[in-house]
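Below is one structure, written out as structure tokens, with a few remarks after it.
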Amino acid sequence: MPTLTVFTAVTVAGVVPGVWSHRWASAADLDEASARLSAVPATVGDWNGRDLELDPRELQVAQAHGAVHRRYVHRRNGSAVVLTILCGRAGPLSAHAPEVCYRGSGFEEVGTPSRCEPAGGAASADRFWARRFEKASAIPIHLRVVYGWQSTGTWQAPDSPRLTFARRPVLYKLYVVRELARPDEPLAADPILDFLRALLPSLRTTLGPAS
């Protein structure tokens, strides 16, 4: 009995984290979902994008299998945003919060997180978290970060992403970052929302459900 009890405990200890992180999920699903990132358009509406280099170490830390990292500029008013979309297993991608990364780079969060819906308040609307960060220096840097997750075609901003996506083997995570000219710029007028309104319809076609 003692031997059986120990064996059962070890088995459960190995299986539960395996299910949670989907370490045994189909590699083909992960490859297929990551391959779709190549179809994310470089031009959406009035926004023109240019690929940026992404540090392989950052992908490793995020445990991302694939990524798009691109700077978009609005051709008429010059507004600029940086888009990053990661694809990977749900466990790791749902666990990493932006405040950890930004604090490690010398930023502090300003204000409280809020949610935004670029296309309005329809029941099926995409929803994202919005947060602001500040880095103290001779010329302070103010950033707004808008982010969310997607596994079924609609972007979500849950309170507990790890629980929400626990049963999904593959997940997309999207970040849009913009440097603010003033720290008090209202979210409702942020060009990030205009960019997302232009981008999201194409993402529903190119990415679809993650798995």
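Below is a table of values for the structure above.
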{"read-out": "Taking the C-alpha atoms of the chain, convex hull volume expressed per residue in Å³", "value": "150 Å³"}
{"read-out": "Stokes-Einstein translational diffusion, segment 127-178 - Kirkwood Rh over all Cα pairs, 1.567 mPa s, 4 °C, in µm²/s", "value": "104 µm²/s"}
{"read-out": "Förster radius 45 Å - calculated FRET efficiency between Ala27 and Arg76, Cβ distance, rounded to 0.05", "value": "0.55"}
{"read-out": "Under 13 Å, Cβ to Cβ, from Cys87 - net charge with Lys/Arg +1 and Asp/Glu -1", "value": "+1"}
{"read-out": "Full-extension gain in nm, Arg167 to Arg57, via 0.36 nm per residue minus C-alpha separation", "value": "36.9 nm"}
{"read-out": "Computed label-point distance, nm, for sites Glu109 and Arg197 using a 7 Å Cα→Cβ extension", "value": "2.8 nm"}
{"read-out": "Nitroxide proxy distance, nm - points 7 Å out along Cα→Cβ at Asp159 and Glu185", "value": "3.1 nm"}
{"read-out": "Whole-angstrom Cα spans of segment 122-211 along principal axes, big to small", "value": "46, 27, 22"}
{"read-out": "The chain: angle of helix 2-21 to the longest principal axis, Cα-based, in degrees nearest 10", "value": "20 degrees"}
{"read-out": "Label-point separation in nm, Lys135 to Cys101, each point 7 Å along Cα→Cβ", "value": "1.3 nm"}
{"read-out": "Neighbour-count ranking [beta-carbon atoms within 10 angstrom, fewest first] of Asp126, Asp31", "value": "Asp31, Asp126"}
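Since every read-out is calculated from the coordinates, none of them should be taken as a lab result. These numbers were taken from a predicted model, which means no experiment stands behind them. Heads up, the Cβs are rebuilt from the backbone with ideal geometry, glycines too, and the neighbour counts pull from every protein chain shown.
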